[in-house]
Amino acid sequence: MTETSIDTVIVGQGISGLACARRLHQKNLPFVLITDRLGGRMHASRDFKVNYGASYITSDYRHTSRFIGKREPIRMREACFLDGDRWISIFDRRNISRLRQIVTLYGHLYRFRRHLNRLRAQAAERCQRQLLEEDQFLLRTVRQDAVEFIRANRLEEINEVFLDPILNSTVFVSHERVNTFYYLAVLMPILLPTYVADFSETVPRLIEGWKDRIIIDKVVAITRRGNDEYQVQAQHGRYTARACVVSTPCHNTREFIPEGLNHGPAPLQVPISVLYVSGRRKASLPAGKILFFRPDHDVTVLWPQGDAHDLLFSKSKTPDLGAYYDHCDIESAVHWKTAVMLSRQWRHLEPEDSLFMVGDHNICGLEDSYLTGLYAANRIIAARRGSRAAPAGLHHAIHLPAAVHRVAGEMSIEATASHDGGADAGKLGAGTREVEIRDRRLEGRPAEIDVPRA
């Protein structure tokens, strides 16, 4: 097996890794990005009409909005929530008795947003953890359980009806499992203009000018070699680098980072299935509305996609669709092995000199993940200042192992399904979020599910 030397190796293909690579490219620094698929959570159908992973952006996504388009607005005031045996919206006039709680919540959201954006304004140059320690308000939200926050502000009623279902639809757990920071961050779409994300141009824009630096391979181990190098072992090649940036999800990262750095709590892993369903909802469910369900339901949200289609998020691979539809077809499905870090102590993004762990380790969201990638790149750029720079053409003369190919031409973030047996299923392993895709439309025969009437 050949060994390639390069200044920086980036492992992983999500928005943080792409952000880091783009920034290094702008400064003409040599690097390679190793991945087995591009896009990470920005996973959509081939026509980009259906988002199976990350689904929305807010008006506060100031960095990523240059790469992620906006589709139709998501109006939370029109979403429906189950209040006893009836469906209501947050701004339903019947909520007048809950007005004090709603006003209290909005006051906390405004304050949280102000502090979070102040952190983001510096996050491309400084570590998130350091910024957190300097902001006593945000630090308290990280250390405080959401249960305590809800109780202290007497928000129990609106939490049960509205807030817990929103949280459950985003991180797939109830408020008992998260801190106040996660709780308030997830509720930002209540406060801010929010839009369906359009990823059709995201990856092409991010990799413009450097797509030949992408190596399709799977990393299996990262070890430190001496005091100033890292060895990255992939299935088809070995690389040594002065800097290593790991941008894989936290549950994947733990599998191959250097021994001794795999400390702290194991990530909470909540599998989630996303089904693209056509059919007729039951008469008891409002048609054409986003429906949020409480954590005791298998289904977390029904999101209308037009033309009698729903995007259904479920904590079960086989939800009881008879509870929601008179009859329906599952046209496609994506199954995610999701990891959510729920910790009172944020992690250093550079746990060792020139080794960076970027992405969702502290804050879960596209904007914040992107900023961690910029932080890693800016740290590498700063370290190279004053040192003898590599010739501009050096990174175009790297000799790659024969079994590895670089990506060239047009990019797509749609995974390719492998044909094994009857159903089409694509599996994406370490280095990405583990995701299994089943799309029976590829076979030309949608899976018909006849649900008996209640």
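The values are calculated or read from the model by the stated rules, or taken from the named source; none is laboratory data. In this text the structure is predicted, and so the values were computed from the model without any measurement. Glycine also receives a Cβ, built like all others from the backbone with ideal geometry; neighbour counts cover every protein chain displayed.
Annotations
- Residue match in the stretch 313-323 (condition: in contact with a His (Cβ under 8 Å, 6 or more places away or on another chain), under 30 Å from Asp60 (Cα atoms) and not hydroxyl-bearing (Ser, Thr, Tyr)): no
Here's the yes/no breakdown for (1) closer than 30 Å to Thr104 by Cα; (2) more than 19 Å from the chain's Cα centre (by Cα); (3) among the hydrophobic types (A, V, I, L, M, F, W, C):
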residue	(1), (2), (3)
Val173	yes, no, yes
Val178	yes, no, yes
Leu191	yes, yes, yes
Ala197	yes, no, yes
Val203	no, no, yes
Glu208	no, yes, no
Ile216	no, yes, yes
Ala234	no, yes, yes
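- Scanning the stretch 131-147 for residues being surrounded by fewer than 18 Cβ atoms within 10 Å (Cβ to Cβ) and touching a Ser or Thr at 6+ places or on another chain (Cβ under 6 Å) gives a total of 1.
- Output for the stretch 198-256, where each listed residue is within 18 Å of Phe31 (Cα to Cα), of a type in the set (Gly, Ala, Ser) and in a loop (DSSP other than H, G, I, E, B): Gly209, Gly237, Ser247
Residues checked against (1) touching a strand residue (DSSP E or B) at 6+ places or on another chain (Cβ under 9 Å); (2) at pLDDT 95 or above; (3) over 26 Å from Ile88 (Cβ atoms); (4) buried (at least 20 other Cβ atoms within 10 Å of the Cβ):
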{"residue": "Arg98", "(1), (2), (3), (4)": "no, no, no, no"}
{"residue": "Arg113", "(1), (2), (3), (4)": "no, yes, no, no"}
{"residue": "Arg118", "(1), (2), (3), (4)": "no, yes, yes, no"}
{"residue": "Gln122", "(1), (2), (3), (4)": "no, yes, yes, no"}
{"residue": "Leu167", "(1), (2), (3), (4)": "no, no, no, yes"}
{"residue": "Glu176", "(1), (2), (3), (4)": "yes, no, no, no"}
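- Residue satisfying all of: in the stretch 304-327; under 21 Å from the mean Cα position of the chain (by Cα) and not in a strand (DSSP E or B); surrounded by the most Cβ atoms within 10 Å (Cβ to Cβ) among these: Lys315
- If you check Arg225, Arg213, Arg205 for being touching a helix residue (DSSP H, G or I) at 6+ places or on another chain (Cβ under 8 Å) and closer than 16 Å to Asp7 by Cβ, only one passes: Arg213.
- Any hit, the stretch 96-104, residues being free of Cβ contacts under 8 Å to residues at least 60 places away in the same chain and in a loop (DSSP other than H, G, I, E, B): no
- All told, Val301 meets the bar of being touching a strand residue (DSSP E or B) at 6+ places or on another chain (Cβ under 9 Å), crowded, with 18+ Cβ neighbours inside 10 Å and in contact (Cβ under 8 Å) with a residue 12 or more places away in the chain.
- Residues that are surrounded by 15 or more Cβ atoms within 10 Å (Cβ to Cβ) and closer than 20 Å to Met76 by Cα, drawn from the stretch 269-298: Leu285, Pro286, Lys289, Ile290, Leu291, Phe292, Phe293, Pro295
- For the stretch 319-345, taking the residues that are charged (D, E, K, R) and modelled with pLDDT under 90, the one that is farthest from Ser284 (Cα to Cα) is identified as Arg344.
- Just one residue in the set Gly69, Gly12, Gly40 is surrounded by fewer than 22 Cβ atoms within 10 Å (Cβ to Cβ) and touching a residue at least 40 places away in the same chain (Cβ under 8 Å); that residue is Gly69.
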